[in-house]
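Enquirer: My questions will all concern the structure given below.
FYI, it's all coordinate maths here, none of it is from the lab. No experiment lies behind these values; they were computed from the predicted model shown. For neighbour counting, all protein chains shown are included, and Cβ atoms are generated from backbone atoms with ideal geometry for every residue, glycine included.
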Amino acid sequence: MKILARVEKIPGGLMIVPLLLGALLNTLAPGALDIGGFTEALFKDGAMAVIGVFLVCMGAQLPVRAAAPVAEKGFAILIGKLLAAILVGIVAGVFMPDGTLWTLTPLAIVAAMSNSNTGLYAALTQEFGNKTDRGAVAVICLNDGPFLTLLVLGAAGMANIPLLSFVAVLAPVFLGFVLGNLDPDIRTFLKSGEKLLIPFFAFPLGAGINFRDIASAGPSGILLGFFTLLLSGGFAVLLLWLVQVLSRRPRPRRNLISGVAESSTAGAAVATPAVVAAADPSMNSIVETATVQVAGSVVITALLTPVVTALFYRWQMKRGIDPAHEYEDPALNGAVGE
């Protein structure tokens with residue numbers, strides 16, 4: 001039947017098809033996977049564990065000399081995404097008469113736009129990027145959890161959260177990095193996991209999405225999803241491009257795919273409004289609205305970020321910008337199928 005070949009013809013198919021199947025099952029039969037055993041552990045609750053293994057495999061492919069390019073790329077897209085969240089949040093909270101932008105609260109805007117889906121980013125850069133794109137996950141994981149939202153909104157009393165989140169994501173990457181550089185055979189052994197594991201964490205990620213959230217979020221949640229996709233992703237791309245221009249990188253080597261892959265909202269961001277309200281009780285009155293709006297952004301970006309990333313990749317390739325040839329050092333490149 002050549003199922004795999006057909007799935008791979010779809011933009012981001014290895015990620016988006018299992019994710020959609022999981023979301024569809026969760027929407028139509030929410031309790032179908034609540035049967036315990038290996039089934040529930042793998043197909044409903046297993047996303048984080050599988051992503052952890054995926055990050056070990058990914059880290060093993062990074063040579064020591066990739067550290068500087070990874071940091072440059074990671075901080076550029078992290079800061080670009082955060083700047084977009086700050087600017088749109090300020091427009092809503094300061095310049096709009098009622099403190100909202102088309103019913104979007106600053107809390108929802110910053111929570112959705114400053115956060116990103118690490119698993120989705122890793123899968124997309126595995127399919128469309130190179131080793132430095134994938135390695136940048138060690139930096140962008142700083143936006144996991146509510147810290148950046150708390151920081152932007154002035155509730156800095158929970159500054160310990162980002163450090164723990166950062167360590168939690170970085171540890172598997174660092175473990176793989178160390179093992180892969182100590183023993184080339186381990187690097188080779190773990191290489192297949194970069195692609196093999198994607199469907200196995202995509203499905204349970206999808207199983208945490210309910211399409212009814214789009215309906216409950218209404219137009220505001222959909223609008224927030226497009227803000228996140230276009231503005232936060234756009235700023236990430238723009239800042240990365242500026243860094244490359246200032247570093248005098250030749251035009252054919254200005255690979256921006258990581259910025260586009262960063263244009264999503266993580267499912268964990270749905271809990272951010274409640275966490276912020278716990279730190280600042282004055283936010284309690286808008287927590288419910290903000291939570292629903294962020295949920296809408298999670299669903300919209302989970303569906304559209306893979307498509308936009310695939311289209312952007314094709315746009316780059318038509319202009320002679322191939323992520324597999326971004327660097328003169330072959331050890332820093334490497335696309336799918338290498």
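Enquirer: Any chance you could count the Lys pairs in segment 13-324 whose alpha carbons are under 27 Å apart, treating pairs 8 or more apart or on different chains as valid?
Expert: 14
Enquirer: Taking every pair of alpha-carbon atoms in segment 1-134, give the share separated by more than 23 Å as a whole percent.
Expert: The answer is 56 percent, as a whole percent.
Enquirer: Scan around S264 for amide H atoms under 5 Å from its own, H built in the peptide plane at 1.01 Å from N, and keep only partners 5 or more places away or cross-chain.
Expert: The answer is N117.
Enquirer: Given axes a ≥ b ≥ c from the Cα gyration tensor, I'd like to know whether segment 1-63 is rounded (a/c under 1.5), prolate (a/b larger than b/c) or oblate. Display every interim value, and only then the final one.
Expert: Details: a/c = 2.52, a/b = 1.21, b/c = 2.08.
Since a/c reaches 1.5 but b/c is at least a/b, the shape of segment 1-63 is classed as oblate.
Enquirer: A follow-up question, please. Quick one: putting +1 on the C-beta of Lys and Arg, -1 on the C-beta of Asp and Glu, what dipole do you get for segment 13-324 around its Cα centre, in Debye to the nearest 20? Each step should come with its number before you reach the end.
Expert: On the way: 18 positive and 16 negative charges, 272 e Å.
Roughly 1300 debye, rounded to the nearest 20.
Enquirer: Over the Cα atoms of segment 13-324, each weighted equally, I'd like the Debye log10 I(q)/I(0) at q = 0.07, 0.08, 0.10, 0.11 Å⁻¹, rounded to two decimals.
Expert: Ignoring solvent entirely, the Cα scatterers give -0.26, -0.34, -0.53, -0.65.
Enquirer: Along Cα→Cβ, 7 Å out, is where each label goes; now give me the distance between the ones at M1 and D185 in nm to one decimal.
Expert: Simple spin-label model gives 3.9 nm for this pair.
Enquirer: Next up: Please work out whether segment 39-86 counts as rounded, prolate or oblate from its C-alpha gyration tensor, where a ≥ b ≥ c are the square roots of the eigenvalues and a/c under 1.5 means rounded, while otherwise a/b larger than b/c means prolate and anything else oblate? List each step's numbers first, then the result.
Expert: Working: a/c = 6.96, a/b = 1.43, b/c = 4.87.
Oblate, because a/c is 1.5 or more while a/b does not exceed b/c.
Enquirer: I'd like the Karplus ³J(HN,Hα) series for segment 284-291: coefficients 6.51, -1.76, 1.60, θ = phi - 60°, whole numbers in Hz, and an x wherever there's a Gly or Pro.
Expert: Couplings: 4, 5, 10, 4, 4, 4, 5, 4 Hz.
Enquirer: Evaluate the relative contact order of segment 13-324 (contact order divided by residue number), counting alpha-carbon pairs under 8 angstrom at least 6 apart; express in whole percent. Walk me through the numbers on the way to the answer.
Expert: On the way: 565 pairs, mean separation 96.4, N = 312.
Relative contact order, segment 13-324: 31 percent.
Enquirer: Follow-up question, since we're still on this one. Ranking request for peptides 53-65, 292-304: highest mean number of other beta-carbon atoms within 10 Å first, then the rest in descending order.
Expert: Going by the mean number of other Cβ atoms within 10 Å, highest first, we get 292-304, 53-65.
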